[in-house]
Amino acid sequence: MYKLKNYMEDIVNKKIDSLLNIMNICQCEKCRLDIMAIALNDLPPKYVVTDTGALYTKVRELEQQFEVDVETAIVKAALFVNKNPKHDVVK
Ligand SMILES: [Zn+2]
């Protein structure tokens, strides 16, 4: 079974939580997804055709290659969403 996959999405998904923790940014579902969307629009997509087994190794490879870019994009997106939060204000 083959799948079309954007690795960049996995890498962002993997890195986002620790960065948001460090930055003390809202991590509700809406903000987290907003930040992911903005960061991913900023990063080059890395589409590949894969079967599920090969996924993990490849992600680690690309993760090292794009680490700085991904972190920069997430930080930028997080600061933007933090200033313009779209979640319900009631808390
Ligand atoms: Zn939020």
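Since every read-out is calculated from the coordinates, none of them should be taken as a lab result. Only a predicted model underlies this, so the values are computations on that prediction, with no experimental measurement involved. Every residue, glycine among them, receives a Cβ derived from its backbone with ideal geometry; neighbour counts consider all protein chains shown.
Of note:
- Tilt relative to the chain, helix 55-83 - C-alpha long axis, 0 to 90 degrees, to 10: 20
- Unpaired cysteine residues in the chain (no second Cys Cβ under 4.7 Å): C28.
- Unit charges at the beta carbon, dipole of segment 2-83: most positive-side option, P45, V68, C31: C31
- Evaluated with a Cβ-only charge set (Lys, Arg +1; Asp, Glu -1), the chain carries a dipole of roughly 200 debye about its Cα centre, given to the nearest 20.
- In order along segment 11-16, phi translates into HN-Hα couplings of 5, 4, 4, 6, 8, 5 Hz, rounded to whole numbers, per the Karplus curve 6.51 cos²θ - 1.76 cosθ + 1.60 with θ = phi - 60° and x for Gly and Pro.
- Percent breakdown of C-alpha pair distances by 10 Å bin, ordered from the shortest bin, for segment 2-83: 18, 50, 26, 5, 0
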